[in-house]
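See below for the structure under consideration.
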Amino acid sequence: MKSYLSIAIAGTLLATSGATLASESISNIFVSNKGDNSMSLVKCKTRHARHGKAASIKCKEVENEVVGFNTAWPANQYKGKKHWWWTGLSGEIVGLHTRKSVARLLDPANQVRVNTYTYDGVPEGLPQKGANFVGVTPKGKTVWNAAREIDEIQEIDTDPHSDTFGQILTHIKVPLSADASPGSDTKGRMRPCDMSITPDGRYLWEPDLGGETVTGVDIKTRKVIAQITIPKVNPENRVIPFMLTTNSHYAVIENFEAPFGTVDVLDVSDPANPKHLKKITQADGLGVNPQTGEFSKDGRYHYIVNLGSPDVPGNIDILDMETLQIVNKISLPVDCKPHDGDHTNDGKFFVVNCSGGDSIAIISNFSKALVNEVALSGTTPRGVIVR
């Protein structure tokens with residue numbers, strides 16, 4: 001009887017221990033600091049609540065190292081290969097082989113750089129450097145890159161087990177639109193300026209900063225299949241589409257459109273025939289200077305990150321994708337000045353940079369409210385990615 005009782009107690013303890021472990025999740029948040037070219041690692045532990053209550057989170061910066069570069073827009077839409085993440089730099093993209101440590105990045109062997117502007121065979125007369133915006137495919141075997149100032153969309157092999165790892169596989173020229181900018185020695189004409197891939201990995205969409213358009217590519221055929229012009233609020237101004245995120249049904253675009261920025265929503269469920277659904281302005285409750293946005297894990301909401309202005313603080317707007325109405329406005333720490341954001345691995349929290357406060361802000365996706373601010377050792381934090 002005693003042995004059976006011991007086994008039962010041990011089994012109960014094991015089950016309880018397993019339940020405790022299952023009720024917590026870890027997110028490693030890498031933050032690129034523009035001010036000192038350092039990288040911070042913030043470790044967050046989510047404690048999952050039961051019976052419809054909000055989860056709680058504890059976060060702490062555990063590492064900071066000067067890595068010699070900074071990035072504003074890491075590719076954080078999909079995880080891709082678990083131990084790699086990718087981001088654009090000037091004239092190149094870089095793959096970073098780390099998941100839980102910043103110190104690993106001090107070893108050059110854990111960085112893979114791909115020249116995207118002056119590669120062999122590039123046409124003459126194009127800018128020699130410029131911004132890159134990377135989107136990782138859901139399976140992580142390739143990334144698609146918008147090499148902005150040479151008007152090119154590129155497919156790059158990011159499978160570390162491939163013979164062509166780190167090489168450009170495909171070059172697609174962005175077709176000129178009727179409103180294409182004139183370009184210059186340092187700027188392209190269409191200026192593709194972000195990259196978002198559908199969850200099935202079949203299509204990509206990118207906003208054309210200089211073209212006043214959004215361009216779509218069929219990844220299977222590697223062909224441009226659509227290009228749609230974004231309508232203007234004022235015919236005298238340009239829209240300047242800057243950032244875009246898609247979930248297969250919608251594409252949401254953040255624009256630098258005067259005077260305070262706008263957001264457009266497209267229906268891309270029929271990729272060959274995208275349709276404009278709505279332009280969102282400050283008259284609709286939009287904050288000032290929208291920078292980028294991310295869908296919630298269930299796709300119901302779109303989180304719009306607004307930088308703000310000297311007179312209006314930055315904030316997060318919650319766009320309901322069913323009604324296309326802004327249904328919540330989330331206040332951030334004083335002088336936050338956010339640009340970028342990502343969800344924790346469990347989808348319970350949304351993390352944004354505070355470039356004005358040398359910190360990151362943590363928002364509960366349950367309460368739609370700020371719940372924490374984490375101080376960083378680095379200065380002027382920009383790009384945020386969760387692993």
Using modelled amide H (1.01 Å from N, peptide plane; none on Pro or chain starts), what sits under 5 Å from the amide H of residue 356, excluding residues fewer than 5 places away? 337
Determine which residues of the stretch 106-128 fall in the zone a paramagnetic label at residue 66 would reach in this model, i.e. backbone nitrogen under 18 Å from the point 7 Å along Cα→Cβ. 106-108
Is the C-alpha gyration tensor of the stretch 305-387 telling us rounded, prolate or oblate? Criteria: a/c under 1.5 is rounded; beyond that, a/b larger than b/c is prolate, otherwise oblate. oblate
Straight-line reach from residue 79: which aspartates and glutamates have Cα under 15 Å away, leaving out those fewer than 8 places along the same chain? 159, 200, 294, 342, 346
Proxy exposure order for 86, 144 (fewest C-beta within 10 Å first) is 144, 86
Neighbour net charge for residue 375 - beta-carbon separation under 12 angstrom, K R +1, D E -1: -2
To the nearest 20 debye, what is the magnitude of the charge dipole of the chain about its Cα centre, counting +1 on the Cβ of each Lys and Arg and -1 on the Cβ of each Asp and Glu? 1500
1/(1 + (r/R0)^6) with r = Cβ-Cβ of residue 373 and residue 120, R0 = 51 Å, i.e. FRET efficiency to nearest 0.05, evaluates to 0.60
Here the alpha-carbon Rg of the stretch 217-340 over 2.2 N^0.38 Å rounds to 1.07
Cα-only Debye scattering, the stretch 60-144: base-10 log of I(q)/I(0) at q = 0.15, 0.16, 0.22, 0.24 Å⁻¹: -0.60, -0.68, -1.14, -1.26
Which one, 313, 160, 290, has the greatest fluctuation when you compute a Gaussian network model over the chain with C-alpha springs under 10 angstrom? 160
Which whole-number percentage describes the relative contact order of the chain, with Cα contacts under 8 Å and a sequence gap of 6 or more? 12
Rank the residues 208, 36 as a footprinting-exposure proxy: fewest other Cβ atoms within 10 Å of their Cβ go first. 36, 208
Quick one: length gained pulling residue 234 to residue 185 fully straight, 0.36 nm per residue minus the C-alpha distance? 14.8 nm
For the residue 222, residue 249 Cβ pair and Förster radius 22 Å, calculated FRET efficiency rounded to 0.05 is 0.45
With the dipole of the stretch 72-386 defined by +1 on each Lys or Arg Cβ and -1 on each Asp or Glu Cβ, the option from 135, 283, 233 whose Cα lies farthest towards the positive pole is 135
Mind listing the phi-derived Karplus ³J(HN,Hα) values for the stretch 90-106, rounded to whole Hz, using 6.51, -1.76 and 1.60 with θ = phi - 60°, and x for any glycine or proline? 6, x, 7, 10, 9, x, 10, 8, 6, 10, 10, 8, 8, 4, 4, 6, 6
Here, the chain modelled as identical Cα point scatterers in vacuum has Debye log10 I(q)/I(0) at q = 0.10, 0.14 Å⁻¹ of -0.64, -1.24
Please report, in debye to the nearest 20, how large the charge dipole of the stretch 63-107 is about its Cα centre when each Lys and Arg carries +1 at its beta carbon and each Asp and Glu carries -1 there. 340
Among 195, 321, what is the fewest-to-most ranking by other Cβ atoms within 10 Å? 321, 195
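Readers should treat all values here as calculations from the given coordinates under stated rules, not as data from a laboratory. Note that the structure is predicted; figures quoted are calculated from it, not measured. Note: ideal-geometry Cβ built from the backbone for every residue, glycine included; neighbour counts use all protein chains shown.
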